[in-house]
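Asker: Take a look at the following structure, please.
What follows is calculated from the coordinates using simple rules that are stated; it is not laboratory data. What you see is a predicted model; the values in this text were computed from it and never measured. All Cβ positions, glycine included, derive from the backbone under ideal geometry; neighbour counts span all protein chains shown.
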Amino acid sequence: MITIRDLIKILDAKVLCGEEKLDEEVRSACGSDLMSDVLAFVKDKSLLITGLTNVHVMRTAEMLDIHCIIFARGKIPPEDVLEEAKELGICVLATEHTTYVACGLLYGAGIPGTSKRTGA
Amino acid sequence: MADYIIRDSYPVQTAAYESAGDASARIKRKLKQLGIDSAILRRIAVASYEAELNLIIHSHGGELIMEMTPKSIVLISKDVGPGIADISQALKEGYSTASEEARDLGFGAGMGLPNMKRNADSFDITSEVGVGTTIQMGFQIA
Ligand SMILES: Nc1ncnc2c1ncn2[C@@H]1O[C@H](COP(=O)(O)OP(=O)(O)OP(=O)(O)O)[C@@H](O)[C@H]1O
Ligand SMILES: [Mg+2]
């Protein structure tokens with residue numbers, strides 16, 4: 001089982017909020033800056049790797065029950081976005097790696113993608 | 001006679017990017033409290049969010065309505081224009097007329113309507129240019 005805590009080491013990431021979620025399991029992941037695509041492809045208990053740092057990322061995560069968001073290429077979201085994440089109980093990590101490299105590292109570590117479309 | 005047990009309506013303003021998702025979040029939280037299964041709830045939330053975003057990005061304003069009966073949840077998106085001239089084109093994946101502003105926020109992939117259709121158990125769209133668009137989506141819960 002891979003947990004959010006394991007991702008910190010794999011990605012050399014730091015935790016911006018949601019410490020209490022670190023032992024939750026990560027089953028699949030999705031990397032995208034396009035929330036429209038995230039909405040079409042994500043499954044349960046997913047994590048999202050993105051370079052987009054606006055509040056819509058959190059709203060999209062809320063709809064999909066995404067419990068962990070990783071901001072790539074050293075991006076740190078504005079304070080109000082982090083506040084929203086805290087309110088929603090979403091764990092937020094930040095890594096210096098690009099989205100491409102972060103996804104590669106996680107895939108290599110055994111986290112599968114969310115390739116099947118959601119829905120009926 | 002109305003056969004629903006709950007009927008909530010949420011107004012959605014055009015270009016209200018800041019509050020995008022508020023209506024869908026309220027619907028999701030309410031249905032969660034009512035004990036709707038989480039997998040069904042996620043489908044409802046995604047469809048609702050896509051409809052809400054379309055109202056904000058493409059319409060002149062409208063409302064999102066959630067009706068609950070003992071067996072189903074019905075989501076209705078209703079707006080006051082501009083309407084869709086070619087519905088079958090709008091339903092194609094990748095077709096989008098979203099503004100630069102919407103794209104910058106991470107939307108405008110032309111995935112919303114197909115995604116609503118995929119997530120809902122029933123999907124019905126009617127539209128008239130100059131009048132408005134109505135979308136009705138049904139979800140079985142029992
Ligand atoms: N309520 C509406 N009123 C008028 N036009 C609409 C409405 N909803 C959708 N459309 C039209 O249909 C197109 C496709 O909608 P769809 O939701 O599939 O994609 P999108 O909103 O452009 O992008 P995405 O949903 O992926 O962010 C829109 O670009 C727009 O031209
Ligand atoms: Mg859309």
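Asker: Just how large is the dipole of the range B:61-126 about the Cα centre, in debye to the nearest 20, putting +1 at every Lys and Arg Cβ and -1 at every Asp and Glu Cβ?
Answerer: Approximately 260 debye in magnitude.
Asker: If you count, for every residue in B:101-109, the Cβ atoms of partner chains within 10 Å of its Cβ, what is the mean? Mind dumping the intermediate values first?
Answerer: Details: counts 0, 1, 2, 2, 6, 14, 7, 3, 8.
Counting other chains' Cβ atoms within 10 Å and averaging over B:101-109 gives 5.
Asker: When Cβ neighbours within 10 Å are restricted to other protein chains, what is their mean count per residue of peptide A:55-65?
Answerer: Values: counts 6, 9, 2, 1, 9, 7, 0, 7, 14, 4, 6.
Average neighbour count from other chains, rounded to a whole number: 6.
Asker: Restricting the count to DSSP beta bridges whose residues both fall in the range A:2-108, what percent are antiparallel, rounded to a multiple of 5?
Answerer: 25 percent
Asker: If the only charges are +1 at each Lys and Arg Cβ and -1 at each Asp and Glu Cβ, what is the size of the charge dipole of chain A around the Cα centre, to the nearest 20 debye?
Answerer: Value, rounded to 20: 480 debye.
Asker: Can you find, among B:PRO11, B:ILE40, A:PRO77, the residue sitting farthest towards the positive end of the charge dipole of the protein assembly as shown, where Lys and Arg contribute +1 and Asp and Glu -1 at Cβ?
Answerer: Value computed over the given set: B:ILE40.
Asker: Which value, in debye to the nearest 20, describes the size of the charge dipole of the protein assembly as shown about its Cα centre when Lys and Arg Cβ atoms bear +1, Asp and Glu Cβ atoms bear -1, and nothing else is charged? Mind dumping the intermediate values first?
Answerer: On the way: 27 positive and 36 negative charges, 149 e Å.
With Lys and Arg at +1 and Asp and Glu at -1, about 720 debye.
Asker: If each of B:GLU18 and A:GLU96 carries a label point 7 Å out from its Cα toward its Cβ, how far apart are those two points in nm?
Answerer: Reported label-point gap for B:GLU18 and A:GLU96 is 3.7 nm.
Asker: Can you give the average number of partner chain beta-carbon atoms within 10 Å of each beta-carbon in peptide B:113-122, as a whole number?
Answerer: That average works out to 3.
Asker: Based on DSSP H runs of at least 4 residues, each adding -39500 (n - 2.57), what is the mean residue ellipticity at 222 nm of chain A after dividing by all its residues, to the nearest 500 deg cm²/dmol? Intermediate results must be reported in sequence, preceding the final value.
Answerer: Details: 5 runs with 45 residues, N = 120.
Helix contribution divided over all residues of chain A: -10500 deg cm²/dmol.
Asker: If you take the beta carbon distance between B:TYR4 and B:ALA39 as r and set R0 to 30 Å, what does 1/(1 + (r/R0)^6) give as a FRET efficiency, to the nearest 0.05?
Answerer: Using R0 = 30 Å, I get an efficiency of 0.85.
Asker: Which residue, chosen from A:MET63, A:ALA94, A:PRO112, occupies the Cα position most advanced towards the positive end of the dipole of chain A, where the dipole is computed from +1 (Lys, Arg) and -1 (Asp, Glu) charges on Cβ about the Cα centre?
Answerer: Value computed over the given set: A:PRO112.
Asker: Based only on other Cβ atoms within 10 Å, what is the fewest-to-most ordering of B:TYR17, B:TYR49?
Answerer: Taking fewest neighbouring Cβ atoms as first place, the list is B:TYR17, B:TYR49.
Asker: A further question on this structure: Return a whole-number percent for the relative contact order of chain B, with Cα pairs under 8 Å and 6 or more residues apart as the contact set. Numbers along the way, then the final one.
Answerer: Working: 279 pairs, mean separation 38.1, N = 142.
This gives 27 percent for chain B.
Asker: Just going by the charge dipole of chain B, with Lys and Arg at +1 and Asp and Glu at -1 on Cβ, which of B:TYR49, B:ALA90, B:SER127 is farthest out on the positive end?
Answerer: Of B:TYR49, B:ALA90, B:SER127, it is B:TYR49.
Asker: Counting alpha carbon pairs within less than 8 Å and at least 6 residues apart, what relative contact order, in whole percent, applies to the range A:2-108?
Answerer: 32 percent
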